[in-house]
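These notes are about the structure you will find just below.
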Amino acid sequence: MPNKNSSLTYRWMQEVWNEGREDAIDEMLDANAVVHGIEGITESGPNGFKIFHRNFKQQFPTVHVEVDDVVSEAGYETSRCTVDGTTANGQQVHFTGMTCVKVENGKIMEAWNNFDFMAMYQQLGYKMTAAEAMIA
C-alpha cells in the first residue's frame, strides 16, 4: 500500500477539489477518459468532467475532500474519502465516498465513483427515499 500522499488520487482530490484548480483536470484526466458514477457527465475526458466540477463548485463554493486511504495495485488506485462542503448560503454537508481509477501514463483513463449523495441531499433538507434518489 503506497503512501496516500504520493498517489494520483490524492493529488486529484487536493488540486481539483481542495484547491479548486480546474486546469489540474486537464493535467490528470486523459482526453479519452470515461467517468462512471456521476450523473450528468455526457462527454468523455476533461471537458465532460469540467461541467460537473463547475456545477458542483457553484453549489458548494467550499469543498474539502480528505483521502482517508488509498490502495494501489496493477495500474489501479482505490480510495476511501470524506467530503465536507459548504453551500453559498452557509449550509454544511458531510458525506463519504469511494473511488477506483485506472491509471495509465500518469493520467486517469477510467474512473468509478460511489459517493453518498443521498446523505448530502438529506442534510440539505431534501426528503428523498432511496428509490427517489435513483431517479434524481
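The values are calculated or read from the model by the stated rules, or taken from the named source; none is laboratory data. This structure is a prediction, so every number in the text was calculated from the model and none was measured. For neighbour counting, all protein chains shown are included, and Cβ atoms are generated from backbone atoms with ideal geometry for every residue, glycine included.
Among the residues of the range 29-47 satisfying the criterion of being in contact with a strand residue (DSSP E or B) (Cβ under 6 Å, 6 or more places away or on another chain) and in a helix (DSSP H, G or I), which is surrounded by the fewest Cβ atoms within 10 Å (Cβ to Cβ)? Outline the logic, then answer.
Here is the first cut: in the range 29-47, the residues in contact with a strand residue (DSSP E or B) (Cβ under 6 Å, 6 or more places away or on another chain) are 29-30, 33-38, 41, 44-46.
This time we only want the ones that are in a helix (DSSP H, G or I), so: 45-46.
Numbers: G45: 17, P46: 21.
Looking at residues that are in contact with a strand residue (DSSP E or B) (Cβ under 6 Å, 6 or more places away or on another chain) and in a helix (DSSP H, G or I), I get G45.
Would you point out which residue out of I38, I25 is at pLDDT below 95, within 29 Å of N3 (Cβ to Cβ) and among the aliphatic types (A, V, I, L, M)?
On the way: I25 fails: at pLDDT below 95.
Answer to the check: I38.
Among the residues making up the range 1-22, a single one is touching a helix residue (DSSP H, G or I) at 6+ places or on another chain (Cβ under 6 Å) and modelled with pLDDT under 95: K4.
Restricting K50, K107 to residues that are out of contact with any strand residue (DSSP E or B) (no Cβ under 7 Å at 6 or more places or on another chain) and among the basic types (K, R) narrows the list to K50. Got at least one residue in the range 110-132 being part of a strand (DSSP E or B), of a type in the set (F, W, Y) and free of Cβ contacts under 8 Å to residues at least 60 places away in the same chain? No, that holds for no residue. Cβ separations smaller than 8 Å between residues 6+ apart or across chains give the following pairs from the range 75-88 residues that are at pLDDT 95 or above and of a type in the set (D, E, K, R) to residues that are part of a loop (DSSP other than H, G, I, E, B) and surrounded by 16 or more Cβ atoms within 10 Å (Cβ to Cβ): E77/S7.
Could you tell me how many of the residues in the range 9-47 are small (G, A, S), touching a residue at least 24 places away in the same chain (Cβ under 8 Å) and on the phi < 0 side of the Ramachandran plot?
Taking the range 9-47 and keeping what is small (G, A, S), we get 20, 24, 31, 33, 37, 40, 44-45.
Narrowing further to those that are touching a residue at least 24 places away in the same chain (Cβ under 8 Å): 20, 33, 37.
Subset that is on the phi < 0 side of the Ramachandran plot: 33.
Qualifying residue count, the range 9-47: 1.
Within the range 89-109, if we keep just the residues that are in contact with a Ser or Thr (Cβ under 7 Å, 6 or more places away or on another chain) and in contact (Cβ under 8 Å) with a residue 40 or more places away in the chain, the residue that is farthest from S7 (Cα to Cα) turns out to be T99. Of all residues in the range 70-97, those satisfying the criterion of being surrounded by 13 or more Cβ atoms within 10 Å (Cβ to Cβ) and among the charged types (D, E, K, R) are E77, R80, D84.
Just give me the residues in the range 59-86 being assigned to a strand (DSSP E or B) and farther than 17 Å from K4 by Cβ, in sequence order. Reasoning before the result, please.
Going residue by residue through the range 59-86, those that are assigned to a strand (DSSP E or B) are 62-73, 76-86.
Across the range 59-86, the qualifying residues are T62, V63, D84, G85, T86.
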